[in-house]
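**Student:** Have a look at this one before I ask anything.
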Amino acid sequence: MSAAPPLDFRNVNSLWAGVLVETLVRCGVRCAAVSPGSRSTPLTLALARQPRIEAIPVLDERSAAFFALGHAKRTRAPVALVCTSGTAAANYLPAIVEAHETGVPLVVITADRPPELRACASGQTIDQQKIYGGAVSFYHELALPEASESALRYLRQTIAHAVQATLWPRAGAVHLNAPFRDPLPPIDDGGVAQNAVRGIDWEKFFAQLQPVSPEAWETVSRLPRLTPEVHGLIVAGPQNSLPAENFAALVAEIATKLGWPVATDGLSPLRNFGARVPHLVTTADTILREAGAAERLAPEVVLCLGGWPTSKVLRGWIEASDARIFLCSAHPANRDALHGRTQHFAGLAALAQLAPIATEPNGYQRLWASFERKARAALDTRLGAMTELFEGRAAWLLGQHLPADTPLFVANSMPVRDVEYFWPPNDRRAQPFVNRGANGIDGTLSSALGVAHGAERPAVLLTGDLALLHDANGFLARPKMRGSLTIVLVNNRGGGIFEHLPVAQFDPPFEEFFATPQEVDFARLCAAHGVEHVPVRDWAHFTTLISTLPAAGIRVLELRTDRKRDAATRKRFFAEVAASLA
């Protein structure tokens with residue numbers, strides 16, 4: 001870079017914050033979500049005047065954190081978060097937990113009072129030391145700002161290390177606590193700060209800083225020996241470490257060489273590259289509900305790529321099989337909640353280097369293919385004949401009619417399950433995103449807005465009513481969002497997932513305390529935020545709306561459904577399809 005860094009020498013705080021932000025930029029940070037506050041003034045002003053970083057103001061810190069999370073999921077590059085002191089920092093915790101669980105790079109910078117103003121009832125002050133506990137991979141409290149070359153070198157090295165720690169040895173969040181003394185605005189100190197650093201060659205000072213690529217750190221350990229002779233199953237769950245197309249190409253190569261079937265989660269990109277990935281199974285959850293099929297298909301070896309699948313039925317079947325499990329994940333921690341005979345290793349790309357060992361599909365793969373054809377045909381026939389507004393049919397139609405390459409964010413609870421149950425194989429290359437680390441509904445809207453922001457193509461969010469309402473403040477980011485987000489709102493007036501749990505039998509208090517019915521007028525909510533609201537009339541109308549997405553702005557397509565009727569419909573579908581496989 002030949003341009004002089006945009007540093008502000010008016011006082012020590014403005015210089016310190018400028019060096020911090022310039023280091024972020026040199027290390028590859030290109031976006032920051034900033035919430036308003038006084039103590040963070042030096043950082044906010046430095047971000048606002050830095051031309052190579054997009055600083056986005058977001059009022060609500062929780063929404064800001066999930067916006068940053070969603071944007072980092074899509075770009076796979078670290079995004080910065082900046083807030084003031086006090087409880088502002090506490091609002092970041094849910095998103096940081098999600099970032100830790102799913103490996104999303106965030107640089108969290110919380111402004112703070114200086115040490116002499118802590119633990120003395122000074123306003124807007126709490127204990128921010130290690131406030132995020134083990135949910136961050138690196139924590140450091142920065143020194144108080146100082147205008148000296150040695151102090152600024154310390155700052156540069158610490159920020160560079162923090163950015164690297166968001167990506168290696170595993171992606172996640174880091175936390176920097178940044179104390180500042182007054183004056184917080186850039187009030188001119190009469191040249192004191194500038195004179196103190198007059199001899200520094202600033203271009204040379206920043207010259208060696210480079211962005212870190214997560215691929216550069218990939219390692220391979222304990223690479224398993226895999227053969228086509230065994231009853232081997234590839235399970236592809238959600239993953240965010242590789243671009244969707246690259247992941248599909250790697251899995252296709254592995255599946256071809258092994259000749260193994262590929263049971264793909266609805267949140268895996270593989271269902272959207274159906275023509276490219278051989279031996280694809282999209283109905284495992286339905287197939288394995290039939291006891292005879294589950295017994296005949298028992299695996300000897302399972303190769304899990306990415307995270308474990310959404311399907312409780314599939315996970316339980318693998319657990320009961322006592323199969324040997326090879327778990328390929330970029331996360332170094334124990335990721336096997338099944339507690340199987342599991343060998344964990346990194347290096348998905350290395351698997352593609354296997355020599356071709358399968359000449360043709362074996363009997364195990366052919367058996368899976370037979371069940372897949374029957375189950376898929378039975379599901380598609382039933383869904384195709386439906387006229388009532390059934391929640392599962394929305395996911396089925398999205399899989400068939402979304403424009404190519406659509407970024408798709410899926411809310412937790414029933415939407416992820418309907419995608420798992422009903423999303424059809426296709427070759428439309430949709431890119432799924434989801435917060436499946438902690439599996440919560442926190443920050444659903446804000447995460448989707450982060451995915452949509454700056455994306456090349458219009459994005460879609462599939463969500464239930466409670467997940468959207470839980471993060472309604474996310475709409476406050478609308479004026480700053482660059483891009484398009486269509487929200488498919490399944491409004492069943494409550495928590496539909498609880499209708500499938502044993503507690504549904506206990507009413508009262510089920511309806512009031514678990515289903516938590518709501519009476520929100522979403523048209524008015526949207527109008528208050530300047531968001532377009534479209535009530536879906538029927539399936540033909542819905543198909544038209546999702547087939548062509550607007551180029552910019554936020555649009556809500558409200559699909560009103562019957563929570564209890566749809567729960568009964570799912571159960572009937574599963575029973576009918578299972579019977580057809582017996």
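The values are calculated or read from the model by the stated rules, or taken from the named source; none is laboratory data. If you're wondering where the values come from, they're calculated on a predicted model, not measured in any experiment. When we count neighbours, we look across all protein chains shown, and the Cβ atoms used for this are built from the backbone with ideal geometry, even at glycine. Ligands, DNA and RNA are stripped out before the accessible areas are found, and what is left, the full protein with its side chains, is counted by its heavy atoms. Shrake-Rupley method; radii C 1.70, N 1.55, O 1.52, S 1.80 Å.
**Student:** In whole Hz, with x marking every Gly and Pro, tabulate ³J(HN,Hα) for region 519-533 from phi via Karplus 6.51 cos²θ - 1.76 cosθ + 1.60, θ = phi - 60°.
**Tutor:** 10, 5, 8, 5, 4, 6, 4, 5, 4, 4, 9, x, 10, 5, 10
**Student:** Would you mind checking which residues have amide H under 5 Å from F409's amide H? H placed 1.01 Å from N; only 5 or more apart, or other chain.
**Tutor:** Residues meeting the amide H criterion: F433, V460, L461, L462.
**Student:** Which order, highest average first, do 12-22, 74-84 follow once you tally other Cβ atoms within 10 Å for each residue and take the mean per peptide?
**Tutor:** With the highest mean Cβ count within 10 Å placed first, the list reads 12-22, 74-84.
**Student:** Averaged per residue, what accessible area in Å² does region 1-105 show with a 1.4 Å probe, protein chains only? If you can, show how the numbers build up before the last one.
**Tutor:** Values: 2890 Å² over 105 residues.
Per residue, region 1-105 has an accessible area of 28 Å².
**Student:** Follow-up. For a quick protection proxy, order the peptides 362-375, 389-402 by their average other-Cβ count within 10 Å, most packed first. List each step's numbers first, then the result.
**Tutor:** On the way: 362-375: 17.7, 389-402: 22.0.
Per-residue mean Cβ counts within 10 Å order the peptides as 389-402, 362-375.
**Student:** Across region 363-369, in residue order, what do the Karplus-derived ³J(HN,Hα) couplings come to in whole Hz, using 6.51 cos²θ - 1.76 cosθ + 1.60 with θ = phi - 60° and x for Gly and Pro?
**Tutor:** With the stated coefficients, region 363-369 comes to x, 5, 5, 5, 5, 4, 4 Hz.
**Student:** Please give me, ordered by residue number, the GluC sites (Glu not before Pro) of region 223-332 that lie in loop per DSSP and have at most 16 other Cβ atoms within 10 Å.
**Tutor:** Loop-located and lightly packed - E229, E300.
**Student:** For region 485-568, which GluC sites (Glu not before Pro) pass both filters: DSSP loop (anything but H, G, I, E, B) and at most 12 other C-beta atoms within 10 Å? Show your work: numbers first, answer last.
**Tutor:** Values: sites: E499, E511, E512, E519, E532, E558; in loops: E519.
Taking region 485-568 and a limit of 12 other Cβ atoms within 10 Å, the loop GluC sites (Glu not before Pro) found are E519.
**Student:** Along Cα→Cβ, 7 Å out, is where each label goes; now give me the distance between the ones at A404 and L367 in nm to one decimal.
**Tutor:** In this crude label model, A404 to L367 measures out at 3.9 nm.
**Student:** Could you please state how large a percent of the accessible area of the chain is carbon and sulfur, counting protein chains only and using a 1.4 Å probe?
**Tutor:** Details: 12180 of 22720 Å².
The computed percentage sits at 54.
**Student:** Can you give me the accessible area per residue for region 528-582, using a 1.4 Å probe, in Å²? Could the numbers behind the result be given before it?
**Tutor:** On the way: 2580 Å² over 55 residues.
Value returned for region 528-582: 47 Å² of accessible area per residue.
**Student:** Kindly work out what percent of the DSSP beta bridges joining two residues of region 431-582 are antiparallel, to the nearest 5. It would help to have the intermediate numbers written out before the result.
**Tutor:** On the way: 0 of 18 bridges.
For region 431-582, the DSSP antiparallel bridge percentage is about 0.
**Student:** Whole angstrom only: what separates the Cα centroid of region 46-92 from the Cα centroid of region 460-528?
**Tutor:** Computed from Cα coordinates, the inter-centre distance equals 24 Å.
**Student:** How far apart, in nm, are the 7 Å Cα→Cβ label points at A472 and D427?
**Tutor:** 4.5 nm
**Student:** With the cut-off at 1.5 for a/c, could you classify region 437-579 from its C-alpha gyration tensor as rounded, prolate or oblate? Walk me through the intermediate numbers first.
**Tutor:** Details: a/c = 1.98, a/b = 1.57, b/c = 1.26.
In terms of gyration-tensor shape, prolate.
**Student:** Taking amide hydrogens as modeled 1.01 Å from N in the peptide plane, which residues meet the under 5 Å criterion relative to F138, leaving out close sequence neighbours?
**Tutor:** The list, which skips near neighbours in sequence, is H175.
**Student:** Between E532 and E295, how many nm apart are label points set 7 Å from Cα along the C-beta direction?
**Tutor:** Distance between the two pseudo-spin positions: 5.5 nm.
**Student:** If you don't mind, another one. Taking θ as phi - 60°, what are the ³J(HN,Hα) couplings along region 70-83 by the Karplus curve (6.51, -1.76, 1.60), each to the nearest whole Hz, with x for Gly and Pro?
**Tutor:** So the Karplus estimates, Gly and Pro as x, are x, 5, 5, 4, 6, 7, 6, 10, x, 10, 8, 10, 9, 9 Hz.
**Student:** Which of the chymotrypsin sites (Phe, Trp or Tyr not before Pro) found in region 494-532 are in a DSSP loop and have at most 14 neighbouring Cβ atoms, other than their own, within 10 Å? All intermediate terms of the calculation are to be shown ahead of the outcome.
**Tutor:** Values: sites: F498, F506, F510, F513, F514, F522; in loops: F506.
Loop-located and lightly packed - F506.
**Student:** How much length is gained if the chain between T544 and E319 is pulled fully straight, taking 0.36 nm per residue apart and subtracting their Cα-Cα distance, in nm to one decimal? Let's see the in-between values first.
**Tutor:** Values: separation 225, 0.36 × 225 = 81.00 nm, distance 4.23 nm.
Here the answer is 76.8 nm.
**Student:** Then there is this: Tell me which residues come under 5 Å, amide H to amide H, from T516 once H is placed; ignore anything under 5 positions away on its chain.
**Tutor:** Distant-sequence amide H within range of T516: G495.
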